[in-house]
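Take a look at the structure set out below.
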Amino acid sequence: MQRYFVSEEQFQERSVVITGDDARHISKVMRGKPGDKLIVSDGRTREALVEIEGIEAGEVTTNIVEPLEMDHEARIHVTIAQSLPKGDKMETVIQRCTEIGAVAFVPFLSERTIVQYDAKKESKRLERWGKIAKEAAEQSHRNRIPSIEQPLSWKGLLSSFEGYDLVCYCYEKENGKQLRDALKPFVEKLGPHDTANVLIVVGPEGGFSEKETVEADQAGAVSVGLGKRILRAETAGMAALTCVLYESGEMGGM
């Protein structure tokens, strides 16, 4: 069943009015008609099964059939910090990691980042990334749309580490501790209903410099490997995110 995110203002006591691109999608692409059922969510506290009452130009009016539980989110809240990759690879990271369960994305610039940051173009990129996250969240039946932060400098990212319960940075030269070595004792300390905030930091195509690894260690992050194979920059975050959710029991782990 198709799912759509709406604002809290659109979500009334007994009805929901869908507007904009979503209304056009329902009427033009889905060929919706009165009586069809949809799922709508405000991305915060309310989600419901609704039935289309009427379709007009740019607006779809629905009646709430029944409220739904918002239980599709993982208890381990994983943020992916990704050094800006080349081309449209960031779009792939956002789409796939949203489907898997990331709650936020933090693009950042590091020493070996190849992409030239252009603040004038950034608002358009953020808008596009937000649309990709929304569509991926709807497709995968997420209860919330992941947030996408403004790109940070390396120093800015380091200063944000204190806001997380665990920070791991993926380092291809890590020969000792693997991601599971950091996750297992961390997860074992959590109670069955506890939540936690985890940050996974992924470097650029050329990897982190030695200076950056020292600075990350000093800021409280843990260097982890992702096995014996070298992963692409856009693949590492997906692999690490999946490992976190598996180890926490979200995918049958523990």
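Is there a residue being in contact with a strand residue (DSSP E or B) (Cβ under 8 Å, 6 or more places away or on another chain) and hydroxyl-bearing (Ser, Thr, Tyr) anywhere in region 131-143?
no
Filter region 156-179 down to residues that are more than 16 Å from LYS228 (Cα to Cα) and of a type in the set (Asp, Glu) and give me whichever is most open to solvent (accessible area, probe 1.4 Å).
In this case the residue turns out to be GLU162.
Condition check ((1) more than 18 Å from MET238 (Cα to Cα); (2) of a type outside the set (Lys, Arg)) across all residues:
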{"position": "LEU157", "(1), (2)": "yes, yes"}
{"position": "VAL167", "(1), (2)": "no, yes"}
{"position": "CYS170", "(1), (2)": "no, yes"}
{"position": "GLU174", "(1), (2)": "yes, yes"}
{"position": "LEU179", "(1), (2)": "no, yes"}
{"position": "LYS189", "(1), (2)": "yes, no"}
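Quick one: would you say GLU51 is acidic (Asp, Glu) and not in a strand (DSSP E or B)?
no
What single numbered condition from (1) open to solvent by 80 Å² or more (accessible area, probe 1.4 Å); (2) of a type in the set (Asp, Glu); (3) assigned to a loop (DSSP other than H, G, I, E, B); (4) closer than 30 Å to GLU8 by Cα fails to hold for GLU135?
The number of the failed condition is (3).
Of all residues in region 138-170, which are more than 16 Å from GLU99 (Cβ to Cβ), part of a loop (DSSP other than H, G, I, E, B) and either out of contact with any helix residue (DSSP H, G or I) (no Cβ under 9 Å at 6 or more places or on another chain) or of a type in the set (Asp, Glu) (or both)?
Listed by number, the residues that qualify are GLU149, SER153, TYR164, ASP165.
Could you list, in sequence order, the residues of region 107-128 that are in contact with a helix residue (DSSP H, G or I) (Cβ under 7 Å, 6 or more places away or on another chain) and either within 30 Å of MET251 (Cα to Cα) or free of Cβ contacts under 8 Å to residues at least 40 places away in the same chain (or both)?
Passing the criteria: PRO107, PHE108.
Would you pick out the residues in region 22-47 that are under 16 Å from ILE145 (Cα atoms) and either open to solvent by less than 30 Å² (accessible area, probe 1.4 Å) or not hydroxyl-bearing (Ser, Thr, Tyr) (or both)?
Passing the criteria: ASP22, ILE39, VAL40, SER41, ASP42, GLY43, ARG44, ARG46, GLU47.
Please enumerate the residues belonging to region 180-189 that are open to solvent by less than 40 Å² (accessible area, probe 1.4 Å) and closer than 17 Å to GLY252 by Cβ.
If the condition is that a residue be open to solvent by less than 40 Å² (accessible area, probe 1.4 Å) and closer than 17 Å to GLY252 by Cβ, then LEU183, VAL187 are the ones that fit.
Could you run through region 11-21 and say how many residues are surrounded by 20 or more Cβ atoms within 10 Å (Cβ to Cβ) and either in contact with a helix residue (DSSP H, G or I) (Cβ under 8 Å, 6 or more places away or on another chain) or touching a residue at least 40 places away in the same chain (Cβ under 8 Å) (or both)?
The number of residues fulfilling the criteria is 2.
Being open to solvent by less than 10 Å² (accessible area, probe 1.4 Å), assigned to a loop (DSSP other than H, G, I, E, B), under 25 Å from GLN2 (Cβ atoms) and touching a residue at least 24 places away in the same chain (Cβ under 8 Å) narrows it down to one of ALA102, ALA74, so name that one.
ALA102
Can you name the number of the only condition in (1) exposed (fewer than 14 other Cβ atoms within 10 Å of the Cβ); (2) touching a strand residue (DSSP E or B) at 6+ places or on another chain (Cβ under 9 Å) that LYS86 fails?
(2)
Would you check if there is a residue in region 196-210 being under 30 Å from TYR4 (Cβ atoms), of a type outside the set (A, V, I, L, M, F, W, C) and either open to solvent by 70 Å² or more (accessible area, probe 1.4 Å) or part of a loop (DSSP other than H, G, I, E, B) (or both)?
Among the residues of region 196-210, not one is under 30 Å from TYR4 (Cβ atoms), of a type outside the set (A, V, I, L, M, F, W, C) and either open to solvent by 70 Å² or more (accessible area, probe 1.4 Å) or part of a loop (DSSP other than H, G, I, E, B) (or both), which makes the answer no.
Can you find, within region 123-132, the residue that is farthest from the chain's Cα centre (by Cα) among those that are open to solvent by less than 100 Å² (accessible area, probe 1.4 Å) and of a type outside the set (Phe, Trp, Tyr)?
Per the criteria, the residue is SER123.
The values are calculated or read from the model by the stated rules, or taken from the named source; none is laboratory data. The shown structure was predicted, so the numbers you read here are calculated from the model rather than taken from an experiment. Here the Cβ is made from the backbone with ideal geometry for all residues, glycine too, and neighbour counts use every protein chain on show. The area values use the complete protein model at the heavy-atom level, side chains included, leaving out ligands, DNA and RNA. Shrake-Rupley method; radii C 1.70, N 1.55, O 1.52, S 1.80 Å.
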